[in-house]
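Here, each number is a calculation from the coordinates, and none is a lab measurement. Since we're looking at a predicted model, the values are computed, not measured. FYI the Cβ positions are ideal-geometry reconstructions off the backbone, even for glycines, and counts take in every protein chain you see.
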Amino acid sequence: MQIIWHGQSCFEIIIPKGKGESITLLVDPPSEAKTGLKPPARTGAQIVLLTSASYTAGKGDLEKIAPGAFLVDGPGEYESRGVYIRGIDFNFGKTGVAQDAAAPESFAMGTIYTIEAEEMKLCHLGNFSGKELAAAQVEKIGNVDILMFPAGGGKDFGAKEALKVVSQIEPSIAIPMNYEIPKLKLEAGNLKEFLKTAGISQTEPLAKLTIKKKEINLEEAKIIVLTP
């Protein structure tokens, strides 16, 4: 499996299927107008996940980026091409009901996703910015091999809160996202602040993460930084 970060919360996940074939899953291709970041060029992605419509590409742009892709843009359980996806509402377990248009404005709207493929389980937290995950959310997320999480920087979601959320999930590998990078227009945290809070003095960023299930070390959790 290969994981490529395109900035903000956009990831391209390439899942090998044998005989030289693969499935490409694209998460949160950004709207350039809203974020300042260009979405990936036509990727050939067969599956697209959107955690929030607030700063991601619209359906017209999605058709150019990933024509004919299976689109998932909300809570529920999905399966496509042997990839199993679960969408969990940002507010599941907090409001007592699923998020809808009638929910109070103070509740953030969005979706957390878990992705199961190649005997690994990934979790993408989207633009989650609560102080911590609810117990019901942690239970639905379950055991995770690789976590993609916001590194903090929001009004109530800084580096300490980001680290708290990572510790709630306890992934084998944690990949920070949603932090300051060139051209980004959105409010975002400083990666160095998060790494300092996590007790990491230095790290060598990777252009992409290539990994197999047998390379996951359950006894040694680590944070991997990717370059956009």
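Just a few scattered comments:
- For region 102-187, applying the loop criterion from DSSP together with a ceiling of 14 other beta carbons within 10 Å to the trypsin sites (Lys or Arg not before Pro) yields K131, K155, K183, K185.
- Trypsin sites (Lys or Arg not before Pro) lying in DSSP loop within region 30-83, provided at most 15 other Cβ fall within 10 Å: R42, R81
- Over the chain, Cα pairs under 8 Å with separation of 6+ residues give a relative contact order of 17 percent.
- Phi to ³J(HN,Hα) by Karplus 6.51 cos²θ - 1.76 cosθ + 1.60 over region 33-40, Hz, x for Gly, Pro: 4, 8, 10, x, 9, 7, x, x
- Simple Cβ-charge dipole of the chain, Lys/Arg +1 and Asp/Glu -1, about Cα centre, in debye nearest 20: 460
- Cα centroid separation - region 3-56 against region 108-135, whole Å: 16
- Over 23 Å (Cα to Cα) - which of K59/K213; K59/K185; K192/K222; K164/K214; K164/K208; K19/K222 fall in this group: K59/K213; K164/K214; K164/K208; K19/K222
- Note on percent of Cα pairs over 26 Å apart: of the candidates (i) 35; (ii) 48; (iii) 32, the value calculated from this structure sits at (iii).
- Amide H within-cut-off set for L206, under 5 Å, with H built and near neighbours excluded: V225, L226, T227
- For region 172-205, GluC sites (Glu not before Pro) meeting the loop criterion (DSSP other than H, G, I, E, B) and having at most 13 other Cβ atoms within 10 Å: E187.
- Distant-in-sequence amide H partners of A174 (H built 1.01 Å from N, under 5 Å): L147, K222, I223, I224
- Remark: spin-label model distance K208-E21 equals 2.0 nm, labels positioned 7 Å along the Cα→Cβ axis.
- 5 angstrom amide H check on F70, placed H, neighbours 5+ away: I47, V48
- Pairwise centroid distance, computed over Cα atoms, of region 149-189 with region 192-220, Å: 14
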